[in-house]
Structures are given as C-alpha cells and as structure tokens.
C-alpha cells in the first residue's frame, strides 16, 4: 500500500481562480489538486486533498492525520490554512498534539502583504514553510515530505 500525503486547504481557497487573481493567480482548487496528484504519482505517494472553510473540520483532519502518521500510513500534511494561519491557536495546538509532520504553504508572499499576515501560529510547529511561489509551493511541499517514504528511498 502506498504511503499518503494529506493536502489540506483552509478558508476561501475554494475560491481560487476567481478570488483576487492578481494576488493568487488563475489556478483553481481543482488545478491545485491535479498538480498535487501528479506530484504524488511521480514520487510514489498517494495524495488526498481536502478543503474546508470550517476550523473545526480542519482540526479533526489534523487529528486523523496524526493517528495515520503514528500508524505509519501517512507521511505528513501539506497545509494552506488560509487566514487561519494568522488567527488559530487551535490549529497550532492540533498540529503539536497530533505530532504530524506539516509543511505550511502560502500561495502569495504573506510577508509582502498586510502586517496582520506576517505572523503565523502554524510556523512554530511546522517542519517547513513555503511562501510566495504560487501553486508550485504545493509541489515543493510534497517534495519535502516524500523523502519520508521508505519505499521511495529504496527505489532511489
């Protein structure tokens, strides 16, 4: 059975392609999912993509990811928490409590935007952060987690 990487997208990311295209580009969430699935296939890992505008559901998914990581079936989570990045102590605590490897992703360069976007509650508990590289950041995050797959390492 292939190991899995979970890709989680938070609030308003369902609006990709139409929401502020000058800031976020013209790729849709479906485009992001296709990019992630292709990246996973090329690296020998399964990809599962989910999106929610609800913080509690993201917490539940992170808890589930922690259980799957502990069971050895999940390599980690690619997380674009959207605006929850800057407001959610609960997501910080869920990542820390679930003990799941997380790569934090932002399509835009949050540090070149409004001051309130410069702080992340996720960064202190993330394994790494990819910011401002557009949707390509998702592929780079998968690259960061895929080496955790012992089957892929054996093939290299």
If we take segment 64-156, then helices (runs of 4 or more DSSP H) inside it with 1 or more residues that are under 16 Å from residue 10 (Cα atoms), at pLDDT 95 or above and touching a helix residue (DSSP H, G or I) at 6+ places or on another chain (Cβ under 9 Å) are 89-98, 136-145
Out of (1) assigned to a helix (DSSP H, G or I); (2) under 17 Å from residue 138 (Cα atoms), what's the single condition that is false for residue 56?
-> (2)
Taking only pairs six or more apart or across chains, which ones have beta-carbon atoms under 8 Å, a first residue in segment 84-112 that is at positive phi and surrounded by fewer than 20 Cβ atoms within 10 Å (Cβ to Cβ), and a second residue that is in a helix (DSSP H, G or I) and at pLDDT 95 or above?
-> 99/66; 99/69; 99/70
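Could you check, for segment 28-45, whether at least one of its residues is touching a helix residue (DSSP H, G or I) at 6+ places or on another chain (Cβ under 7 Å), touching a residue at least 12 places away in the same chain (Cβ under 8 Å) and either closer than 22 Å to residue 120 by Cα or not in a helix (DSSP H, G or I) (or both)?
So the first thing to find is which residues in segment 28-45 are touching a helix residue (DSSP H, G or I) at 6+ places or on another chain (Cβ under 7 Å), and the list is 29, 32, 35-36, 39-40, 43-45.
Subset that is touching a residue at least 12 places away in the same chain (Cβ under 8 Å): 29, 32, 35-36, 39-40, 43-45.
Imposing the further condition that a residue be either closer than 22 Å to residue 120 by Cα or not in a helix (DSSP H, G or I) (or both) reduces the set to 44-45.
Yes.
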Do we have residue 44 as surrounded by fewer than 14 Cβ atoms within 10 Å (Cβ to Cβ), out of contact with any strand residue (DSSP E or B) (no Cβ under 8 Å at 6 or more places or on another chain) and on the phi > 0 side of the Ramachandran plot here?
-> no
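The values are calculated or read from the model by the stated rules, or taken from the named source; none is laboratory data. This one's a predicted model, so the numbers in the text were calculated from it and none came from an experiment. So basically every Cβ, Gly included, is an ideal-geometry build from the backbone, and we count neighbours across all protein chains shown.
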